[in-house]
Amino acid sequence: MITALGAFAGFVAVALGAFGAHALQSGFDEKQVGWWETATLYLLVHAVLATAISAADGAKFATAALVLLIGAAIFAGTLYAMALGAPRWLGAVTPIGGIALLIGWGLIAWAALKA
């Protein structure tokens, strides 16, 4: 299940990256382009990582993958939303996703040390 979620997140990252590069660029200001590009990069990197570690043996790696996907969804989702015109207060939510990403990386390290 987590592998499928990781693959879906990767699909969404590629689709939104292409959409932003082709359909939205002309209507975005520099800040919006930056948010879109950052969201796409973080979502894609963490989707690949979550997909890769979900294949590892053990519940600890599966937990890390799930935390990464949740963090990436929050982090990228708030940036995508702001780029599309959502209220800027969503920027206060973005770090929650970033903290989840850090926790996910920490869980990977912990699981690797315990393996």
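The values are calculated or read from the model by the stated rules, or taken from the named source; none is laboratory data. Because the structure is a prediction, the values reported are computed rather than measured. Counting neighbours? That spans all protein chains shown, and the Cβs are built from the backbone with ideal geometry, glycine included.
Values computed for the structure shown
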read-out	value
Members of segment 1-25 that are exposed (fewer than 15 other Cβ atoms within 10 Å of the Cβ), closer than 17 Å to F75 by Cα and not aliphatic (A, V, I, L, M)	F8, F11
Residue within segment 29-43 that is at pLDDT below 95 and surrounded by 15 or more Cβ atoms within 10 Å (Cβ to Cβ) present	yes
Of all residues in segment 58-105 being over 21 Å from A13 (Cβ atoms) and either of a type in the set (S, T, Y) or free of Cβ contacts under 8 Å to residues at least 24 places away in the same chain (or both), the one that is surrounded by the most Cβ atoms within 10 Å (Cβ to Cβ)	T63
Among (1) of a type in the set (A, V, I, L, M, F, W, C); (2) over 14 Å from the mean Cα position of the chain (by Cα); (3) under 29 Å from K114 (Cα atoms), the one test that A50 misses	(2)
Any hit, segment 30-53, residues being part of a helix (DSSP H, G or I), in contact (Cβ under 8 Å) with a residue 60 or more places away in the chain and on the phi < 0 side of the Ramachandran plot	no
Criterion: modelled with pLDDT of 95 or more and farther than 14 Å from G17 by Cα - qualifying residue of F61, F75	F75
Those residues of segment 32-62 which are aromatic (F, W, Y) and closer than 17 Å to L5 by Cα, in sequence order	Y42, F61
Qualifying positions in segment 54-92 - farther than 19 Å from V33 by Cα and part of a loop (DSSP other than H, G, I, E, B)	A55, A56, D57, G58
Residue match in segment 54-66 (condition: hydrophobic (A, V, I, L, M, F, W, C) and within 12 Å of the chain's Cα centre (by Cα))	yes
